[in-house]
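Okay, so here's the structure we're looking at.
Please treat every number below as a calculation from the coordinates, not as lab data. This is a predicted model, so every value here is computed, not measured. Every residue, glycine among them, receives a Cβ derived from its backbone with ideal geometry; neighbour counts consider all protein chains shown.
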């Protein structure tokens, strides 16, 4: 991917995040914009959104954002001037939750190994 496209993706991520923060309320739910992947022709952009909440709340947030994407595109494109205005497509990104689950599993494995080490050999390593 070109450096120009990387800069555009980061700029769009920041502006979309700012727009969502100022223009939307999601009570009891944390919404973050993780990444934006813009097509080379700048006509489409996938917006990866992280939502911390129940599965039903996640669906509601993504549906609300996709339903209001015209508003979000309008706000963002007033601040970001591009040759083509990309059509935004919001997608759920659960990578943070998967990472937390993996860390929990690793912690559990570490506790099991320490419990199985009665002589404290792992402390000497």
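Quick notes
- Bridge orientation summary for the chain: considering DSSP beta bridges with both residues in this region, about 55 percent are antiparallel.
- Angle between the chain longest axis and helix 69-79 axis [Cα atoms, degrees, rounded to 10]: 80 degrees
- For the chain, a Kirkwood hydrodynamic radius built from all Cα pairs, placed in the Stokes-Einstein relation at 4 °C and 1.567 mPa s, yields a translational diffusion coefficient of 77 µm²/s.
- Protection-proxy order for peptides 37-48, 70-81, each taking the mean of Cβ atoms within 10 Å per residue, highest first: 37-48, 70-81
- Extension gain for residue 96-residue 32 works out to 22.0 nm (0.36 nm per residue, less the C-alpha to C-alpha distance).
- Using a simple spin-label model with pseudo-atoms 7 Å out from Cα toward Cβ, residue 89 and residue 18 lie 2.7 nm apart.
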